[in-house]
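The values are calculated or read from the model by the stated rules, or taken from the named source; none is laboratory data. Quantities reported herein were computed from a predicted structural model and do not represent experimental measurements. No Cβ is skipped: glycine too gets one built from the backbone with ideal geometry, and neighbour counts run over all protein chains shown. Calculation scope for accessible area: heavy atoms of the full protein, side chains included, ligands and nucleic acids excluded. Shrake-Rupley method; radii C 1.70, N 1.55, O 1.52, S 1.80 Å.
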Amino acid sequence: MASPAGDDHDLGRTGPAVTRVIRVLVHNWPLKLAAIGLATLLYGGLVFSQSTQPFDGVIPVEVRNKPTNTFLLTDIEPVTTIRYFAPSGVRPITSTFKAWIDLAGIEPGGGAISVPVHVDSIDDRISVYGSEPDRVTINLDKLDRRTVPVKVPQVAAPEGTELGPTTVEPTEVQITGPASVLSQVVEARANVLIQAGVDVDQDVNLVPVDALGDAVAQVNVVPATARVTIPVFSNKESRTLTISPLVTGAPAAGFALADAIAEPLVVTVEGDIDDIGPLVSIDTAPVSINGLSSGATLETTLALPARVVALDVQTVRVAITLRPVTATRNYSVGLALKGARPDRVYSTSTDRVQLTVGGSVADLDRLEGATLVVTLDVTDLAPGTTTVAVAADLPAGVAFVNASPATIRVTVAVPPSAPPAAAVSAPPSAGSLSPSASPGG
């Protein structure tokens, strides 16, 4: 039978062993605890990665909140892979996902910037946990506008031909696009192809180019085309011809065209001899004088025949001179005595005169015949009969032409016994008028 002392001895030997085990377990316990946590996290991640699934497709990236008057220089690459979690049996399609970037707060002109790509699912059962790419690089620039000239590059004439002057319309165009790109554009170029015996007269697409002649992309040209005209001559000749104004329309009532003079008077034209040989002058494009009531200088162009070009004149000024259209009109008018004495009695050989007046139609139209009278100057006439010339006081613009009769016999008498007040004879009043018109040149 073992003694109690032996048991105590065994316990004394096992105590240090347990202590060593405990010491090993608690030695560097923070590191060991961290290792346990990391292992747990990795295990959880492994389990999660086995639960999420990849979706491969092409999801366009929408641009949101782009500032006004800006231009996105870079093309946004689409999202091609999406990692998502969904319950068993739920399978997404391309339209399930929406990808977008947010440009709010981004200043244009700042160069290349990396922005995150956001991906959402329109199906609430599907959760998105990542995408490729998850960021994209963008370059946002200010939208600008400029005016540049339209140029047609020089081309060689086909053998046996000569080229006439090149005309292009319009001569300038507006270009819009990113400011950094527009600064490279020096002109809008219209490239043409010359064929022997065939004139160039066509609308040509305009290409914005830089100083080296290379096309510049991302630029909009308005208008997009220009009309280019280049005559191609096989037997060229030049001549100097007078310019003939072509006047159309009618001036205001009462006026007629007196003269139309072109400035310059002549133009030098060129073309094949068969085309310019029969020409004696070059007409202008129609110049309308419709409604004009005074002279004017009007600007127009030349109406050139086909395959004939002007070398030194593009626009013509036409000086218009108008003249009043004149006429004569006849009125039967009464008489008025001028300078009559109150103590005399006057009588005339007639009480009406046929008066003829002249002037512009406009002035005659304004004339009121009922106000017209002819006057007889009886100042200082002695008693008896005297021949007095007829006179008329007419408004401005109206001239005295003649009167019939031109003279009238006036008899002056002294009352025999009547007091001076009773001897006063009122001047004859003007008779009623009946005008008639006689057109004049």
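Picking from residues in region 67-91 that are part of a loop (DSSP other than H, G, I, E, B) and closer than 19 Å to Asp134 by Cα, the one that is farthest from the chain's Cα centre (by Cα) is Pro78. Do you know which of the residues in region 315-328 that are at pLDDT 90 or above and not β-branched (Val, Ile, Thr) is farthest from Glu270 (Cα to Cα)? Out of the qualifying residues, it is Leu322.
Apart from one condition, Ala99 fits all of (1) among the small types (Gly, Ala, Ser); (2) modelled with pLDDT of 95 or more; (3) within 37 Å of the chain's Cα centre (by Cα); the exception is (3).
Each residue in region 254-298 was checked for being within 30 Å of Gly164 (Cα to Cα), open to solvent by less than 50 Å² (accessible area, probe 1.4 Å), of a type in the set (A, V, I, L, M, F, W, C) and outside any strand (DSSP E or B), and 3 pass.
When Gly44 is tested against (1) assigned to a helix (DSSP H, G or I); (2) modelled with pLDDT of 60 or more; (3) closer than 25 Å to Gly130 by Cα, exactly one condition is not met: (2). Among the residues of this structure, Asp124 counts as one that is modelled with pLDDT under 95, under 30 Å from Thr81 (Cβ atoms) and open to solvent by 30 Å² or more (accessible area, probe 1.4 Å).
Only one entry in Pro245, Pro231, Pro251 is under 33 Å from the mean Cα position of the chain (by Cα), surrounded by 13 or more Cβ atoms within 10 Å (Cβ to Cβ) and modelled with pLDDT under 90, namely Pro231. Does region 164-176 include one or more residues that are aliphatic (A, V, I, L, M), touching a helix residue (DSSP H, G or I) at 6+ places or on another chain (Cβ under 7 Å) and either in a strand (DSSP E or B) or at pLDDT 95 or above (or both)? Scanning region 164-176 turns up at least one residue that is aliphatic (A, V, I, L, M), touching a helix residue (DSSP H, G or I) at 6+ places or on another chain (Cβ under 7 Å) and either in a strand (DSSP E or B) or at pLDDT 95 or above (or both). Go through region 95-115 and give me each residue that's in a strand (DSSP E or B), in contact with a Lys or Arg (Cβ under 9 Å, 6 or more places away or on another chain) and among the hydrophobic types (A, V, I, L, M, F, W, C). Scanning region 95-115 gives Trp100, Ile101, Val115. From the list Val266, Val287, Val247, Val308, the lone residue that is closer than 30 Å to Pro158 by Cβ and in contact with a strand residue (DSSP E or B) (Cβ under 6 Å, 6 or more places away or on another chain) is Val308.
The set of residues from region 219-236 being part of a strand (DSSP E or B) and in contact (Cβ under 8 Å) with a residue 40 or more places away in the chain comprises Asn220, Val221, Val222, Ala226, Arg227, Val228, Thr229, Ile230, Val232, Phe233, Lys236. Can you tell me which residue within region 299-324, out of those that are part of a loop (DSSP other than H, G, I, E, B) and among the charged types (D, E, K, R), is least open to solvent (accessible area, probe 1.4 Å)? So, considering only residues that are part of a loop (DSSP other than H, G, I, E, B) and among the charged types (D, E, K, R), the one least open to solvent (accessible area, probe 1.4 Å) is Arg307. Among the residues in region 75-96, are any in contact with a Pro (Cβ under 9 Å, 6 or more places away or on another chain), open to solvent by 50 Å² or more (accessible area, probe 1.4 Å) and hydrophobic (A, V, I, L, M, F, W, C)? No, region 75-96 contains no residue that is in contact with a Pro (Cβ under 9 Å, 6 or more places away or on another chain), open to solvent by 50 Å² or more (accessible area, probe 1.4 Å) and hydrophobic (A, V, I, L, M, F, W, C).
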